[in-house]
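**Q** One structure, as structure tokens, below. Some questions next.
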Amino acid sequence: MTIIKATCPMCGDVQLNRDQVRLVLHPVRDRSFYSFTCTECDDEVRKPAGPEVVRLLRMGGVVPENADFPAEAAEEHHGAALTHDDLLDFVTWLTSATAVAAAAGTGLHRRLDDTSDQVSQQP
């Protein structure tokens, strides 16, 4: 059985077997990582896994798993980040079903407006 030596930030070097190490491969190389529960203090330790670490862990029998994330997370974004005010403005806009339906171009806004007119005209 292969012994994998890892370092816990609290306890120092610990020895693990392949089943005690989790290796997660991410399509963006800088985001791949390995993790383990320290055999001394039971803390969960997570560290980056560059190409050399991935190679060594695979040689030690650790079976990698692929990171599961939405494709949108890998998209490149341009422009300024949204602010809290942007989010609040959007929520305010969403509170108006008429505005949402009109923006979607479905014609639903006319039916909503007709319904609200009928309700307000009832005795």
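**Q** Might you check whether a residue that is modelled with pLDDT of 95 or more, over 30 Å from Glu75 (Cβ atoms) and touching a strand residue (DSSP E or B) at 6+ places or on another chain (Cβ under 8 Å) occurs anywhere in the range 30-37?
**A** yes
**Q** Assess whether Val62 counts as being open to solvent by less than 40 Å² (accessible area, probe 1.4 Å), part of a loop (DSSP other than H, G, I, E, B), within 27 Å of Asp13 (Cβ to Cβ) and not acidic (Asp, Glu).
**A** Numbers: open to solvent by less than 40 Å² (accessible area, probe 1.4 Å): yes; part of a loop (DSSP other than H, G, I, E, B): yes; within 27 Å of Asp13 (Cβ to Cβ): yes; not acidic (Asp, Glu): yes.
Taking the combined requirement at face value, the residue satisfies it.
**Q** Right, here's the next one. Taking the criterion of being over 21 Å from the mean Cα position of the chain (by Cα) and either more than 16 Å from Thr7 (Cα to Cα) or among the aliphatic types (A, V, I, L, M) (or both), would at least one residue in the range 35-47 satisfy it? Talk me through it step by step, then tell me what you get.
**A** Filtering the range 35-47 down to residues over 21 Å from the mean Cα position of the chain (by Cα) leaves 37-43.
Checking the rest, the ones that are also either more than 16 Å from Thr7 (Cα to Cα) or among the aliphatic types (A, V, I, L, M) (or both) come to none.
For the range 35-47, residues over 21 Å from the mean Cα position of the chain (by Cα) and either more than 16 Å from Thr7 (Cα to Cα) or among the aliphatic types (A, V, I, L, M) (or both): absent.
**Q** Which of the residues spanning the range 3-55 are of a type in the set (Val, Ile, Thr) and either in contact with a helix residue (DSSP H, G or I) (Cβ under 6 Å, 6 or more places away or on another chain) or under 24 Å from Pro70 (Cβ atoms) (or both)? Write out each step before concluding.
**A** As a first pass, look at the range 3-55 and keep what is of a type in the set (Val, Ile, Thr): 3-4, 7, 14, 21, 24, 28, 37, 39, 45, 53-54.
Matches in the range 3-55: Val24, Val28, Val54.
**Q** Still on this structure, please answer the following. May I ask you to verify whether Leu56 is surrounded by 12 or more Cβ atoms within 10 Å (Cβ to Cβ) and in contact with a Phe, Trp or Tyr (Cβ under 6 Å, 6 or more places away or on another chain)?
**A** Values: surrounded by 12 or more Cβ atoms within 10 Å (Cβ to Cβ): yes; in contact with a Phe, Trp or Tyr (Cβ under 6 Å, 6 or more places away or on another chain): no.
No: the conditions fail for Leu56.
**Q** Now, a different point. So if I check each of Asp13, Asp30, which one is outside any strand (DSSP E or B) and open to solvent by 20 Å² or more (accessible area, probe 1.4 Å)?
**A** Numbers: Asp13 fails: outside any strand (DSSP E or B).
Checking each option against the conditions leaves just Asp30.
**Q** Kindly list, by first and then second residue, each pair from a residue in the range 1-28 that is farther than 13 Å from Gly61 by Cβ to a residue that is open to solvent by 100 Å² or more (accessible area, probe 1.4 Å) and not in a strand (DSSP E or B), limited to pairs with Cβ atoms under 8 Å and residues at least 6 apart or on different chains.
**A** Here the result reads Cys8/Glu40; Met10/Glu40; Cys11/Glu40; Val14/Glu40, each pair linking the range 1-28 to a residue that is open to solvent by 100 Å² or more (accessible area, probe 1.4 Å) and not in a strand (DSSP E or B).
The values are calculated or read from the model by the stated rules, or taken from the named source; none is laboratory data. Note that the structure is predicted; figures quoted are calculated from it, not measured. No Cβ is skipped: glycine too gets one built from the backbone with ideal geometry, and neighbour counts run over all protein chains shown. For accessibility, only protein heavy atoms count, side chains too; no ligands or nucleic acids. Shrake-Rupley method; radii C 1.70, N 1.55, O 1.52, S 1.80 Å.
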